[in-house]
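The values are calculated or read from the model by the stated rules, or taken from the named source; none is laboratory data. Computed from a predicted structure; not experimentally measured. Because the Cβ atoms are built from the backbone with ideal geometry, glycine has one as well, and the counts that use them run over all protein chains shown.
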Amino acid sequence: MVGQTAIPRSINQRAVRGSDLKGSAQPEHGEGRSDSIGISHIRNFSIIAHIDHGKTTLTDRLLEATGTVGLGGTVRLMDSNPIEKERGITIKLAPVRMSYDLQSTIYTLNLIDTPGHVDFSYEVSRALHACEGAILVVDATKGIQAQTIANYDKATEAGLTIIPFINKIDMAAAQPDRVSAELVETLGFKPADILFGSAKTGAGVTELLNVIIAHVPSPSSDLCATKGEDRNFVAPLRALIFNSTFDTHKGVIAFVKVVEGEINKNNRDNLLLYATHEKLSPLEIGYFAPDMRAVDHLGVGEVGYLATGHK
């Protein structure tokens, strides 16, 4: 935790319906830019699923649909760890920023991919603390599995808006109607809440993006609620560190979500780790897209990183 404290905010689960709205990819901000992002235009969400139900492939399609990366077919963009590539599974959660233009309004979507393997379920819990919504992916050929229920329970306990997405409907063995009935009977979704698609072909991805924008709440800030989005008001900094990795040159890279205030070049020498009261002076502030992009500041509701320099 950075700043004074950082407590994840829970929200009530909301029903999700399909949307006829259409959006388009938006070119991402260049390195070094520090354009202000209104908190109402931010969506932080995670993708959760049982292992091999297609969440990482769905992540790749979302990155392509938003123009974050070029069309790459079957490249597993978010699995950068050699073990992940070798075993075909996600271990370390990875946040990535996407920009999406919906009816001439630019939205910032922060996606955190998660592992489905039970051995790494603690990574799912970490990811959910930085989100307001979750996409629950279910394989149309297999239906609800053990980790489907476990991840659903974690998202429900965190108070997240959950969007059910039945994947792999293009497969010959797909039974989307049966799986939809399972979601209704076992997890209590309404039939109209359930989305269908294929991460492999990209079917249903645009509709999913529109539903995320329409139904996943923007991040909440108690101070923002009282002050509005006044650009001249800067609250005291509180940020949640939800994971970390290591870079040979930049040291420990802390993944953060800004809960209040902002992290910028002017205050980065005055950061305090809440648990240890240790001062932190990061070398760099930025976000993932999916590579590291340095920026001047991270504002409330944004997800990014601090390059600490600690080795």
### Message
Anything in region 270-311 that is over 29 Å from SER40 (Cβ atoms), in a loop (DSSP other than H, G, I, E, B) and among the aliphatic types (A, V, I, L, M)? List them, or say none.
### Response
ALA275, LEU283
### Task
Go through the residues of region 140-156 one by one and say whether even a single one is touching a Lys or Arg at 6+ places or on another chain (Cβ under 6 Å) and assigned to a strand (DSSP E or B).
no
### Message
crowded, with 18+ Cβ neighbours inside 10 Å and either under 27 Å from ALA65 (Cβ atoms) or without any contact (Cβ under 8 Å) to a residue 40 or more places away in the chain (or both): which single residue out of GLY286, GLY261 fits that description?
### Response
GLY286
#### Entry: Selection within region 121-148 - more than 28 Å from ILE42 (Cβ to Cβ), aliphatic (A, V, I, L, M) and modelled with pLDDT of 95 or more
ALA140, ILE144
### Residue list for region 196-221, restricted to those being surrounded by fewer than 20 Cβ atoms within 10 Å (Cβ to Cβ) and farther than 28 Å from VAL300 by Cα
LYS200, THR201, GLY202, ALA203
### Query
Pairs, please: C-beta under 7 Å, at least 6 apart or cross-chain, first residue surrounded by fewer than 21 Cβ atoms within 10 Å (Cβ to Cβ) and in region 293-310, second of a type in the set (Phe, Trp, Tyr) and assigned to a strand (DSSP E or B)?
ARG293/TYR287
## Note on the structure
LEU240: passes all of (1) in a strand (DSSP E or B); (2) surrounded by fewer than 13 Cβ atoms within 10 Å (Cβ to Cβ) but (2)
